[in-house]
């Protein structure tokens, strides 16, 4: 796509426009730094920001301008950034494009400031100062290091018995999760293999745990590296039906989270001859794969947990931390992988939880779409969020309730619990007993009692029988 197409589409988050080079260098140097610390981008001089009107620049002054920009970047940013600058003609007007590539030597920052106070990143098409977590990750990336491979700070040497026990558990887990063709070829995990994957580190004939090792143990000390699961009534988080929090080894967390979700999904019955098969509402492979990706590729140091939420219309999976390195949502969904936690990824490959090519998300989306299941993937600012929409969901048609309002005098006579139920009815038109229990956090008996009182007061009426019973304002 050429620059004119990018201007017309107005879709790119990695392109900025300036009618002329700002006199205050900091205003555009921040953008250059942000591009280098993120996935790269273009700064176009000669195009008015906002209107995208091509104003052009003086072609005769172009060589001087290029020299000026090169000198300012060289003097003002460390480590060194070498921009790719070139001109383009649009409707007889000359514009200058300053293209910055994804940087390998992060963090890039202003030469005159402290690195942690002058490092910038790109965020949803905007340039902003890197926060503490983003800065630390840039430091690791620039040193070609990874947090999961770093030695666990509070540690003592691992005994041979501890390592053998760990290897036995991981081998057993791998066999249990392999398919029939792979199960008998699973090799016992060894201490040497752990060492080569940086799950452990050898120092002076002793082995020490890395952060990855600790994450894979039942004593996992990372408070936020857990999975929070929830089942909600409706399409938002207003009313909990069930919630669980899974800690311990992150490989076990994934199994527990998958089982939690599956417990709330519908299972149909498919008949083939005289043999019947359960058909999951959402197939096991994409559901398990996306939950696994959310945990293995998360930002370990983030102070939020991986979340797996079930709503009436969708399963929502959130992985803390945005795309890593020069990864984008588009690359991610097309099978391109950039590993934030390579040691964990190697172990998860051995455990048969992820594949070796980074195409799991792409194949999950393709499988869902082939079954008519919609999948959305986006960066919501907190992390990567994936929505898998449930094919069983059928939106309930809400009745016209504009004339079904009770008087202020009658409303004032209600108890606080009764008012909550009436408020819900005036908003949504009907309610079920299970929803009364959820809203008021009460049991079945008390919910029946409150509903009966509202019926006796001639405020609500019963609609239907048995499990389909609803209650509406009279």
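Listing for the model above:
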| quantity | calculated |
| --- | --- |
| Checking residue 398 against (1) more than 30 Å from residue 333 (Cβ to Cβ); (2) modelled with pLDDT of 80 or more; (3) loosely packed, with under 12 Cβ neighbours inside 10 Å, the condition it does not meet | (2) |
| Single match in 34, 46, 56 (criterion: closer than 20 Å to residue 329 by Cβ and either buried (at least 17 other Cβ atoms within 10 Å of the Cβ) or modelled with pLDDT of 95 or more (or both)) | 34 |
| Scope segment 325-354; condition out of contact with any helix residue (DSSP H, G or I) (no Cβ under 7 Å at 6 or more places or on another chain), free of Cβ contacts under 8 Å to residues at least 60 places away in the same chain and assigned to a loop (DSSP other than H, G, I, E, B); matching residues | 336, 337, 338 |
| Residue list for segment 69-84, restricted to those being loosely packed, with under 13 Cβ neighbours inside 10 Å and either more than 14 Å from residue 100 (Cα to Cα) or touching a residue at least 40 places away in the same chain (Cβ under 8 Å) (or both) | 71, 75 |
| Of residues in segment 223-260 being in a loop (DSSP other than H, G, I, E, B) and out of contact with any strand residue (DSSP E or B) (no Cβ under 9 Å at 6 or more places or on another chain), the one nearest to residue 344 (Cα to Cα) | 249 |
| Enumeration of residues in segment 12-30 that are closer than 20 Å to residue 68 by Cα, in contact (Cβ under 8 Å) with a residue 40 or more places away in the chain and either under 25 Å from the mean Cα position of the chain (by Cα) or assigned to a loop (DSSP other than H, G, I, E, B) (or both) | 21, 25 |
| Near pairs, Cβ below 8 angstrom, 6+ apart or cross-chain, from segment 175-197 (in the same structural domain as residue 255 (by TED's automatic domain parsing)) to any residue that is in a helix (DSSP H, G or I) and surrounded by 14 or more Cβ atoms within 10 Å (Cβ to Cβ) | none |
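The values are calculated or read from the model by the stated rules, or taken from the named source; none is laboratory data. Everything numeric here is computed off the predicted structure, so don't read it as measured data. Ideal geometry is used to build each Cβ from the backbone, glycine not excepted, and the neighbour counts take in all protein chains shown.
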